[in-house]
Amino acid sequence: MHVELALFDGDVLLERGSIDVGVENSYDHLQHFYIAHRIGGDAAKVVLSSFSPRINLRTVTLDIPVHQSTDWESIDLAGYTLAFRCSLNAQQSVQPDRREDAAPG
């Protein structure tokens, strides 16, 4: 699942970036914070931490359901707003049988 993130202080955009969340633990660093993430079951576990000193947040843990967003969604975080938008980018896990001797379907 691809997740676009934007952190606002009021109307001021502090950070914007994106991550691709999969089943393996992954880590990304944006300008103002680190992101640890992975998909477990029907939700993506996303942890934002190590914020730059000018951002008064410590650690933020989110469980984002695996889904396709129709618009930006947002969460209030101690005076900040985290906006995010999800898109499904999963590969088809079962490929059609392309053998020459496969029975016609």
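The values are calculated or read from the model by the stated rules, or taken from the named source; none is laboratory data. As the structure is a computational prediction, the values presented were derived from the model and not from experiment. So basically every Cβ, Gly included, is an ideal-geometry build from the backbone, and we count neighbours across all protein chains shown. Keep in mind that these areas ignore ligands, DNA and RNA; they rest on the heavy atoms of the full protein, side chains included. Shrake-Rupley method; radii C 1.70, N 1.55, O 1.52, S 1.80 Å.
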Derived scalar couplings ³J(HN,Hα) [the stretch 33-49; Karplus, 6.51 cos²θ - 1.76 cosθ + 1.60; whole Hz; x for Gly, Pro]: 6, 9, 10, 9, 7, 6, 9, x, x, 9, 9, 9, 8, 10, 10, 9, 8
Simple label model, 7 Å out from Cα along Cβ direction - W72 to N56, nm: 2.3 nm
If I ignore ligands, DNA and RNA and count only protein heavy atoms, how much of T59 is accessible to a 1.4 Å probe, in Å² to the nearest 10? 90 Å²
